[in-house]
Amino acid sequence: MADHREHTGNAYDRTVTAAATPALDLVRRAGITHRVHAYEAPERHGRDRDRRPTYGSDAAAALGVEPSRMFKTLVATVDERLVLAVVPVDRELDLKRLATALAGRRAALAEPAAAERATGQVVGGISPLGSRRPLPVVVDVSVSDHRTVFVSAGRRGLQLELAPDDLVRLCSAHSAPIARDQGPG
């Protein structure tokens, strides 16, 4: 796809690809100050969790962004209900904390196929914004440690940079400590 210069009402120009995503449409309609960053996404992909690339870490490295500012969106189930969990790419989701944050008893990661069906996006490009089905969203509290953060724009190779408060508001999310205290994700 060819890149096009697009001027936004946010007083800067940015390059976006011709195909917009529901996440980008939502941000634009809301009039939120944001930036879109394209990068070369890894080609490898597997359905088994152990064989999938670390899309978020790859994006952080490609864009030269601190991993603590790059957030990944994981689809999980809490008491059999699908939810979105947004955590930094350098941390892991704590499933017990996620269940607690949603007043649930049991949480598990959703199967990739179920995640893709519910969001309308592919693994490695799932955004907390513009999901096919409205899902509850919980964002890790560390989001407030930064002036801006990055989340997927709804497609592999495309990241959206915006203010943490705007992210939480647009997702109708709440913030809770859902990332493990230590460890890469």
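Selection within region 133-146: residues that are open to solvent by 20 Å² or more (accessible area, probe 1.4 Å) and either out of contact with any helix residue (DSSP H, G or I) (no Cβ under 8 Å at 6 or more places or on another chain) or in contact (Cβ under 8 Å) with a residue 60 or more places away in the chain (or both). The member of this set that is nearest to Asp181 (Cα to Cα) is Val141.
Which members of region 101-132 meet the condition of being open to solvent by less than 80 Å² (accessible area, probe 1.4 Å) and of a type outside the set (A, V, I, L, M)?
Within region 101-132, Gly104, Pro112, Glu116, Thr119, Gly120, Gln121, Gly124, Gly125, Ser127, Pro128, Gly130, Ser131 meet the criteria.
Write out, first by first residue and then by second, each pair whose Cβ atoms fall under 6 Å of each other, whose residues are 6+ apart or on separate chains, and whose first residue, in region 101-129, is touching a residue at least 12 places away in the same chain (Cβ under 8 Å) and closer than 22 Å to Ser172 by Cα while the second is open to solvent by less than 40 Å² (accessible area, probe 1.4 Å) and in a loop (DSSP other than H, G, I, E, B). That search, which allows pairs on different chains as well, returns Ala101/Ile178; Thr119/Ile126; Thr119/Ser131. Selection of region 82-100 for residues being basic (Lys, Arg) and either open to solvent by less than 60 Å² (accessible area, probe 1.4 Å) or without any contact (Cβ under 8 Å) to a residue 12 or more places away in the chain (or both) yields Arg91, Lys96. In this structure, does Val139 turn out to be out of contact with any Phe, Trp or Tyr (no Cβ under 8 Å at 6 or more places or on another chain) and β-branched (Val, Ile, Thr)? Taking the combined requirement at face value, the residue does not satisfy it. When region 127-142 is filtered for residues that are under 12 Å from the mean Cα position of the chain (by Cα), outside any loop (DSSP other than H, G, I, E, B) and under 19 Å from Asp90 (Cα atoms), the ones remaining, listed by number, are Val138, Val139, Asp140. Quick check, is Ala99 out of contact with any Cys (no Cβ under 9 Å at 6 or more places or on another chain), of a type in the set (Gly, Ala, Ser) and part of a strand (DSSP E or B)? The answer is no for Ala99. Among the candidates Asp79, Asp25, Asp13, the residue that is modelled with pLDDT of 95 or more, loosely packed, with under 15 Cβ neighbours inside 10 Å and either farther than 27 Å from Arg133 by Cβ or out of contact with any Cys (no Cβ under 8 Å at 6 or more places or on another chain) (or both) is uniquely Asp79. Among residues of region 163-179 that are touching a residue at least 40 places away in the same chain (Cβ under 8 Å) and in a strand (DSSP E or B), those with a beta-carbon under 6 Å from a residue that is open to solvent by less than 10 Å² (accessible area, probe 1.4 Å) and of a type outside the set (S, T, N, Q) at least six positions away or on a different chain give the pairs Ala176/Val138; Ala179/Val87; Ala179/Asp140. When region 64-76 is filtered for residues that are open to solvent by 50 Å² or more (accessible area, probe 1.4 Å) and either in contact (Cβ under 8 Å) with a residue 12 or more places away in the chain or assigned to a helix (DSSP H, G or I) (or both), the ones remaining, listed by number, are Pro67, Arg69.
The values are calculated or read from the model by the stated rules, or taken from the named source; none is laboratory data. This one's a predicted model, so the numbers in the text were calculated from it and none came from an experiment. FYI the Cβ positions are ideal-geometry reconstructions off the backbone, even for glycines, and counts take in every protein chain you see. Calculation scope for accessible area: heavy atoms of the full protein, side chains included, ligands and nucleic acids excluded. Shrake-Rupley method; radii C 1.70, N 1.55, O 1.52, S 1.80 Å.
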